[in-house]
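Input: a single structure, listed below in structure tokens.
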Amino acid sequence: RIEGVELSAELHRIAERNVRRAPAGAPPIVLHNTDAAAYRLPAEPFVAYIYNSFREPVMAQVAAGLDASLEA
């Protein structure tokens, strides 16, 4: 599955529109309109794609979540 996390309600709505355009047979896409620093990462193996998405304080919290997920 693909999961997306977006804090902005406007950008979340755009992501929802984009998901509706996904081709048939695409993996399931789950969107979360929440703060990435508070988002609980899955315990199972996953790939995180983060491209210059956050400033340092938020990235530190996201990194801590990545560490906790890895430990789980």
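Here is how the numbers come out for the structure above:
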quantity	calculated
Interchain or long-range residues, amide H under 5 Å from Leu31's placed H	Gly4
Accessible area per residue in Å² at 1.4 Å probe, computed on the chain	80 Å²
Approximate spin-label separation Val47-Arg13, in nm, with each point projected 7 Å along Cα-to-Cβ	3.2 nm
Label-point separation in nm, Ala68 to Ile2, each point 7 Å along Cα→Cβ	2.7 nm
Among Ala38, Ala22, Ala72 - extreme Cα towards positive end, dipole of the chain, charges at beta-carbon	Ala22
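The values are calculated or read from the model by the stated rules, or taken from the named source; none is laboratory data. In this text the structure is predicted, and so the values were computed from the model without any measurement. Cβ: placed from backbone, ideal geometry, glycine included. Neighbour counts: every protein chain shown. In case anyone asks, the SASA skips ligands and DNA or RNA and just uses the protein heavy atoms, side chains included. Shrake-Rupley method; radii C 1.70, N 1.55, O 1.52, S 1.80 Å.
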